[in-house]
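Below is one structure, written out as structure tokens, with a few remarks after it.
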Amino acid sequence: MASARVTDALPPDVNPIKASLAFGNRAVPRLDRELQAKDLLTVQKSLYALCDALRNPKNISSSLETDITKTLQELLTQQDHVVRELATEALVHIAGHELGRTAIVNKKIMVNLVDLFSDQVIIVRKNTLAVFQRVSKTQDGSKQLVSEKLVSPLLEVVLKEANIEVKNRALETLHNVMKIDRATLLQEGAMDAFVSLVSKKDSDPETTRLASDNIMMLSVPLEGKQQACASGAVETLALVLSSVSRPLNVHTNTTHWYGVIASACGALTSIAITTDGKKRAVACGCLVELGPLLDIDDERVLLNAIKLISVLAEEPTGRKTLQPLVKRLTELKTFQGTRLDTAAVSRHATTAIDIIQWTP
């Protein structure tokens, strides 16, 4: 007669690395209690389950009502790197929603996250900067970064961080901050930091593009233009234009590299509005590099290159040197773009021709 035998294996639908969820709206409150347990394995399992639960937008509101962010903040200082990884990942999910970003700002969670900028685990640093990047998209988030003096630590990440993804997220965060406050970044020496990134020959193309965009944004006020000239930004950006036919990395995607060129042109245009900027751009050979840019089949490059031509043509030497480009600019007057403003290239080409052919 056969006898019953009980197996030691777990049922097929049980995940041994995750805590089981309670039903309905009791799921997050139960996880919150388990996150406060003294047993490390229990905390890790609960964090895994929480991260999965927060991927569902419906659970964001209930988690905030439970004040899960307070518990997560306490876990940020844990010695166990898995706990820190999962706690920051949960905050990334929360920061992906408007309610979550508001809660992070109100509870000043970013102030506590700054200590993780130097964490030895890359994933922790990636998640931390992802939270900053998402929260900085809101006006209140950017204002808090300024008021809590978090701009300087972000600039340190830009200069010292070895991981490209972490560095780029810091650059994007600072770009968002500059939309509401450029003066603070100018005082903190952000211009020198961005120029140093562009000047590195082995820099990642995306890093160079973001740094160029930040130089352009920071050069909007007059003080920014003056700092750009003083820090050698014009000469550095001119070198980027000269490498248009030979990307720094042979494996670089051509489309990405053209994005770098377009950003460099935009930054030069912003700086060259001043007389000093124009003279520096002409002196370092920018005029010679503009012709080949008009033959690139990329709308971003064409548009920003034409804008730069219009600015440099206001200088007598530039107007004379750029005369041969009138023929190509005339051809571009019939260019039909694919972006929101389809006539942008055509309109700016007409303006550039008028400036080049202007006579006193």
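Quick notes
- 10 Å binning of all Cα-Cα separations within the chain, expressed as whole percents from 0 upward: 5, 21, 24, 19, 14, 9, 5, 2, 1, 0, 0, 0
- Given +1 at the Cβ of Lys and Arg, -1 at the Cβ of Asp and Glu and no other charges, the dipole of the range 16-175 around its Cα centre is 240 debye to the nearest 20.
- Accessible area per residue (1.4 Å probe, heavy atoms of protein chains only) ranks Val135, Val111 as Val111, Val135, with the largest value leading.
- Share of carbon and sulfur in the accessible area of the range 121-205 stands at 46%, probe radius 1.4 Å.
- Heavy-atom accessible surface of the chain, averaged per residue, reaches 50 Å², computed with a 1.4 Å probe.
- Crossing angle, helix 254-271 versus the chain [Cα axis fit, 0-90 degrees, rounded to tens]: 60
- Annotation: aspartates and glutamates with alpha-carbon distance below 20 angstrom to Lys137 (same-chain offsets under eight excluded): Glu89, Glu98, Glu148, Glu165, Glu172, Asp181, Glu206, Asp213.
- Between the range 255-327 and the range 103-147, the Cα center-to-center distance that results, in Å: 37
- A 1.4 Å probe, protein heavy atoms only, puts the accessible area of Arg33 near 140 Å².
- Considering the range 136-258 at the alpha-carbon level, its Rg and Dmax are found to be 14.3, 44 Å.
- Relative contact order [Cα under 8 Å, 6+ residues apart], the chain, whole percent: 8
- Using the Cβ of Leu171 as centre and a radius below 12 Å, the other residues enclosed give a net charge of -3, where K and R count +1 and D and E count -1.
- Taking all protein chains together, Glu299, Glu172, Glu331 sort by accessible area into Glu331, Glu172, Glu299, largest first [probe 1.4 Å].
- Lys333 exposes around 90 Å² of accessible area when a 1.4 Å probe is run over every protein chain in place.
- Proximal lysine pairs, the range 185-338, alpha carbons under 16 Å, eight or more residues apart or interchain: 6
- Karplus-derived 3J(HN,Hα) values for the range 347-360, using 6.51 cos²θ - 1.76 cosθ + 1.60 with θ = phi - 60°, are 5, 6, 5, 4, 5, 4, 5, 4, 6, 5, 8, 5, 10, x Hz; glycine and proline are entered as x.
- For Thr274, solvent-accessible area (1.4 Å; no DNA, RNA or ligand), Å²: 30
- Net +/- balance of residues flanking Leu325 in space, Cβ distance below 15 Å, scoring K and R +1, D and E -1: 0
- Cβ-defined net charge surrounding Val146, 15 Å radius [Lys, Arg +1; Asp, Glu -1]: +2
- When the residues Lys179, Lys225 are ordered by accessible surface, computed with a 1.4 Å probe over the protein chains alone, the sequence from largest down reads Lys179, Lys225.
The values are calculated or read from the model by the stated rules, or taken from the named source; none is laboratory data. Here the structure is a predicted model, which means the values were calculated and not measured. Backbone-built Cβ (ideal geometry, glycine too); neighbour counts: all protein chains shown. What goes into the accessible areas is simple: the full protein's heavy atoms, side chains included, and nothing from ligands, DNA or RNA. Shrake-Rupley method; radii C 1.70, N 1.55, O 1.52, S 1.80 Å.
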